[in-house]
1. Cross-link list B:120/B:140; A:19/A:63; A:214/B:511; B:205/B:453; B:93/B:338; A:311/A:511: which exceed 27 angstrom alpha carbon to alpha carbon?
2. Hey, could you get me the Stokes-Einstein D for the stretch A:510-617, Kirkwood radius over alpha-carbon pairs, 4 °C and 1.567 mPa s, rounded to whole µm² s⁻¹?
3. Chains B and A: buried accessible surface, both sides, probe 1.4 Å, rounded to 100 Å²?
4. Quick check: Cα centre of the stretch B:108-143 to Cα centre of the stretch A:203-229, how many Å?
5. Using a 10 Å cut-off on Cβ to Cβ distances, tally the other chain neighbours for every residue of A:197-206 and report the average as a whole number.
6. Once every Cα of the stretch B:273-355 carries one equal point scatterer and solvent is ignored, give the base-10 log of I(q)/I(0) from the Debye formula at q = 0.23 Å⁻¹, two decimals.
7. To the nearest 20 debye, what charge dipole does the stretch B:552-621 have about its Cα centre, counting +1 at the Cβ of each Lys and Arg and -1 at the Cβ of each Asp and Glu?
8. Kirkwood hydrodynamic radius of the stretch B:379-446 from all distinct Cα pairs, in Å?
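The values are calculated or read from the model by the stated rules, or taken from the named source; none is laboratory data. Fair warning: this is a prediction, and the values are worked out from it, not measured in the lab. No Cβ is skipped: glycine too gets one built from the backbone with ideal geometry, and neighbour counts run over all protein chains shown. Accessible surface areas use protein heavy atoms only, side chains included; no ligands, DNA or RNA. Shrake-Rupley method; radii C 1.70, N 1.55, O 1.52, S 1.80 Å.
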There are 2 protein chains.
Amino acid sequence: MQRPAEQYTKEKLLIKKKKLDDVLKQRNIVVQAYEIYGGIAGLYDMGPLGCALKQNILQFWRKHFTTYENLFEVEGPILTPKCVLEASGHTAKFSDYMVKDMKNGCCYRADHILKTFYEKQMEDPKTSEQEKEHLEAQMKVIDNLSKEELGAAIKNNGIKAPDSGNDLSDPVPFNLMFATDIGPVGDLKAFLRPETAQGIFTMFKRNLEYNGGKVPFGVTQIGNVFRNEIAPRNGLLRVREFTLAEIEYFVLPDKKTHKNFADVENLNVQLYPRELQLADKEAELMTLKQAVADNVINSQLLAYFMGRTYKFLTELGIPGEHIRFRQHLKTEMAHYAKDCWDAEIRMSYGWVECVGHADRGDYDLSNHARCSKVDQSVYITFDEPKEVCEVTITFNKGALGKKYRKDSQKLFAYVEKLNETEKEAIMKEFEANGVWKITVENINFELKKEDMKITSGMKKVHGESIIPHVIEPSFGIGRVLTGVLEHCFWLREGDENRSVLSVPAAIAPVKLGIFPLLTKPEFTSKVSEIEGVCQRGFVSFKSNTTAVAIGKKYSQADEAGIPFAITVDHKTLSENTVTLRDRDTMKQVRVPEDKIVELVTALSQFHSILKFEDLLKTYPVEEVKEVKEN
Amino acid sequence: MQRPAEQYTKEKLLIKKKKLDDVLKQRNIVVQAYEIYGGIAGLYDMGPLGCALKQNILQFWRKHFTTYENLFEVEGPILTPKCVLEASGHTAKFSDYMVKDMKNGCCYRADHILKTFYEKQMEDPKTSEQEKEHLEAQMKVIDNLSKEELGAAIKNNGIKAPDSGNDLSDPVPFNLMFATDIGPVGDLKAFLRPETAQGIFTMFKRNLEYNGGKVPFGVTQIGNVFRNEIAPRNGLLRVREFTLAEIEYFVLPDKKTHKNFADVENLNVQLYPRELQLADKEAELMTLKQAVADNVINSQLLAYFMGRTYKFLTELGIPGEHIRFRQHLKTEMAHYAKDCWDAEIRMSYGWVECVGHADRGDYDLSNHARCSKVDQSVYITFDEPKEVCEVTITFNKGALGKKYRKDSQKLFAYVEKLNETEKEAIMKEFEANGVWKITVENINFELKKEDMKITSGMKKVHGESIIPHVIEPSFGIGRVLTGVLEHCFWLREGDENRSVLSVPAAIAPVKLGIFPLLTKPEFTSKVSEIEGVCQRGFVSFKSNTTAVAIGKKYSQADEAGIPFAITVDHKTLSENTVTLRDRDTMKQVRVPEDKIVELVTALSQFHSILKFEDLLKTYPVEEVKEVKEN
């Protein structure tokens, strides 16, 4: 029977989650890595089904973003020298607070320890309603606590190490980057990248040139990033190595628009701006057009990418009502961000941040320009040359040389870097007082009429150099995958052991199940023959020639997310036709053997025009009643 | 004009190489990473063209191997705990020999230092013919020298540090793995994986189960691996981070065959077995069928994968005559290998190893079984049960308990682990002497008739446990990419500045160039319109709406490997047709605008049925004469 319309509640998702977790492990979809050695927390293996599903999601991402938006995909190294991550601020700021068991040295995340304590208090029947209200308020602000506030909260509540009951240390920042050394001498310190974005920024000039020296353009990078989590948890949600797919879209600060905004402006999405969060209200439905008009989202360009993300997630099978965009509170926003909206997917864990959308301003390019001393700006030619006032400062170098000797160089260098506004201010001071006093690198200069001359005049300027801003959509692919698994997984009505993974055919890990009705040689040799046809037609398949009943084979295929299955039966041997079964509806049609590759390929395309329903009109329908079979 | 048939010589390749290197950098195809910070040796950025080319090669690899061979793609972490790499032998043996400048600490690879010295001697006009012969012989064996031999050769030749002239240290082994720590305490030592294979081996049991407990099956993994090279060199050939695509095919030791061997057996490939190498002869053409029959290649299965690799490389555009399979000498073979053949591609650097084909035997699974204490065998049911002799040893536990107390447990545990042959030997000794003496964990046991009884009898056995063998084809994707670039790159006859990158359309980084004949608004707005159609049809394109001449736009597209280009001209505006140009032949046809997506998509398929020549028959040919334009 077909998938029933579901009322998703957190409780219902939790029941399914238990079954899904079993399936993920038993079917080798996602399993803890290095299991035979006892496993390593925060590292995962993806077996054949999990890996194919992830790869297909990435291929769809490439089509939906890179190809469709005409972005440039690049690939840089995972190994990143320290200087790059100093410029980006990661060596200084990419940390979580950690507390240590004072006796055995076990480490815990300070915020996790506090949250668990509050949760236990909440569940305690002795806690009064008034106390509960107070606790709830405290839990909301955990993410925003400073090191000192975290430490005080732990101390004042008398919280001990959860495993031993020992005293805990004060919180200390723990940098989440994995460190290593490049080269044999060990003097080149490096880290495993914590995001792919920095690789895109350090390549910016090359890609600007590739784009003819013009913005806007967008660059994507897909790859693994690493975070040495203190306490990995929740399956693929908080791990030590994971795949990001990131877009850095470079744009002029005053041109944050998109020519195709009309394609997404009428999408009605759940928005959760910070005002609603702070007022303890729910997210509200709003069109992106309205959100931009009301300045809820700070630019059309940011809203455009939020719309494209929404389309991406819904096409992966996640219902729109389980997607919301939550704006970062001012206190939680990354140090570089101007505005930031997380696409969150409702899961058994609650609302989970899966895609970040940040306006990073010129933070990264400016910092790399400063640290690398390589200009990162774009030269913009004005439509018409502009007349601007230009102030010229000329020194009497001979006189200054006598007074200040070598130090006068410091003054010249300082003045060289001044902008027009600063020079104008000096001119005003100089004209008013007849003297200009300035301290440069601890040297006090006092300049009089005989030392320098300041003149001003109008000048034609043809353009200017601007460091572009960056809009960044950043996809946590493991989290998106978890969202897809939770929302595509369901249990057949009346039989909770028959689980189905209804991922869209285009991303299904394997497209076709091939089953013989009986295990007799004439049937299995026909299966081999069809396998060969599928191989040459590049249709991925999984056969099952064991002696289990056909119903069981179907339900195993359903659980593995295989959208279509054919059975080789008596008619196959006599008429060269097979039954083709649809995973979600369990309906079957009888199709000619030589149509298998063509039909399955067409049904499995992204944005496929052909649907299984169409086959019901074209080919004879097989009347079958699937019986419970486990 | 069409690409001329070329006589590839090393000299010709070198001339082209110079031009190709310029193109790679100027077109942002491959550039040293972190360039704005001065660059890091052995790390590379791939810009939009390089990245797309690589991704398309990987997608083709997935079709050609994973899908076509019905293999299981998996994905494990890059972070690998020390225990795994101890089991595999990497912590002990994955090293190069390094010598240090005794004064400034600079490090060099010992073999490179020696090779460079010999090469200089060879070029020295004062070196006699006889000395040259001697030097040549020495150069051939450099790879096989032990630490002591390397040290002696450097010392005896009086070789100094190349940059300073200082004395050099004795060679010391330098482990090539990058080290890091997992978790906050820093007690979990880990490395960045040096190959993807170990991840496949540690997941073996899960994938065996996924395959219904049966071998053969093959598992693939694509991902980055890391080697802390002492001296990175030669572009993408010797780098510190690179992508491997590996297959581990698990098979019973006595069943190294493949059902589809007939598909490749008649391929006539250049084989270079170790006998020919040692006899200083050239590689010889041989069919794979012959090579297996003559036992040149040690199994049909290994030969099958060599054939599939050959097909893969030729379909990427590398001519068969520039591919050879070189067998490893016994001295150079990895510690685990039973037989090993490298697919080498002839490049400007000489013959370059690009794909390894190794029979790794049961080395890896046996070691992981030993170290993890988790069984890695496959249970094989015999067709018919076998009658085997079984020896049973029964102890008089009471008597032994009195004599040896707790120590008797050690004896029981020892006997428990004996195999049938060992038990038979004990039985013979016991029957002959009436006593069995054995020392277990420093305890001397002396067992007499009253202490134990040994009987033997026949027993039916239904199967046995076997650790499978592994055949491993391992692709260095950066090296394959370099081979593709060198062989697909050529210069138009009569104009050495017009270079063309004739990569097959299926792997071309961008499929279509879109150019307006004139930069007038009616032309450029038509270009925008066609761009939109291509985006929605997922056809990747690069437009050029600058004022440069159309010929220049074509030659820029040729250099970027773009296989097709359309021009929007006057007829486009009046008739909705465009010219479609073929990169390699420069021929053009006029096609309806609404056919662009369909045609370019069809022409760019893997194993495409439609060729550009076919269009010359279906659509009006545009008579054009391209003029030199730079």
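1. Check vs 27 Å cut-off fails for A:19/A:63; B:205/B:453.
2. 94
3. Buried surface at the B/A interface: approximately 7400 Å².
4. A separation of 45 Å, based on Cα centres.
5. 4
6. -1.32
7. Dipole about the Cα centre, nearest 20: 160 debye.
8. Hydrodynamic radius (Kirkwood, Cα only) of the stretch B:379-446 equals 13.9 Å.
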